[in-house]
Each structure stands twice: as C-alpha cells, then as structure tokens.
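The values are calculated or read from the model by the stated rules, or taken from the named source; none is laboratory data. What you see is a predicted model; the values in this text were computed from it and never measured. Here the Cβ positions follow ideal geometry from the backbone for every residue, glycine too, while neighbour counts run over all protein chains shown. Keep in mind that these areas ignore ligands, DNA and RNA; they rest on the heavy atoms of the full protein, side chains included. Shrake-Rupley method; radii C 1.70, N 1.55, O 1.52, S 1.80 Å.
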Amino acid sequence: VALIDTLAFDALPLFAELLGERGPEKIVHDASFDARVLFAHGVRLGRVFDTAVAARFLGMKATGLSSLLAALFQIELPK
C-alpha cells in the first residue's frame, strides 16, 4: 500500500509504468475519472480491478464505496 502526494512533485513520469499494463494489478473503486485524467496526461491505466464495476456486474443497486463496505463487510465509513 502506498500513498503519494502528487502535488509535492511531478510523480507522473515516475509512476507511468507502474500504473500501466506492465505494472501490478491495481484494485480501485470507480476509476473512470482517474483513468480519463491519466490518459489526458499520456498514461494508460492498466491491469485494474474496479470494485464499482464488479458491483454493477453483480447487480448491486448501491455501488458507492461506503455502500459496498457496509453491505459486504459491515464497515461504516464516517462522512
């Protein structure tokens, strides 16, 4: 697990390969906006498992992260 402050420095060139097809699988939630922003900066997001997409495939009505965590793991996220 890593947390990167992308405002502190230009991290994109350093992480382009990691975020792409050659990098490890990324488990994300609702990455559509992130993928569009990265693509606009020349990075194609690859090897992604998107939990929001998975929830839709499973027919779940509420696919927000908070809703999924509550329904599947009884975890309540504070606002």
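What region 16-77 shows is 74 Å² of accessible area per residue, with the surface traced by a 1.4 Å probe over protein heavy atoms. Considering only 40, 59, 4, and ranking their Cα positions along the charge dipole of the chain that arises from unit charges at the beta-carbon of Lys, Arg, Asp and Glu, the one farthest toward the positive end is 59. Based on Cα contacts under 8 Å between residues 6+ apart, the chain shows a relative contact order of 23 percent.
Length gained on full extension, residue 3 to residue 48: 14.5 nm, using 0.36 nm per residue less the C-alpha separation. Within the chain, what whole-number % of the accessible surface is contributed by carbon and sulfur, with the 1.4 Å probe and all protein chains included in the calculation? Carbon and sulfur: 63 percent of the exposed surface of the chain. The alpha carbons of the chain occupy a box of 38, 26, 21 Å along the principal axes, longest dimension given first. Principal axis extents of the Cα atoms in region 23-66, from largest to smallest and rounded to whole angstrom, are 34, 20, 17. Here r is the Cβ-Cβ distance between residue 65 and residue 12 and R0 is 35 Å; the resulting FRET efficiency, rounded to 0.05, is 0.90.
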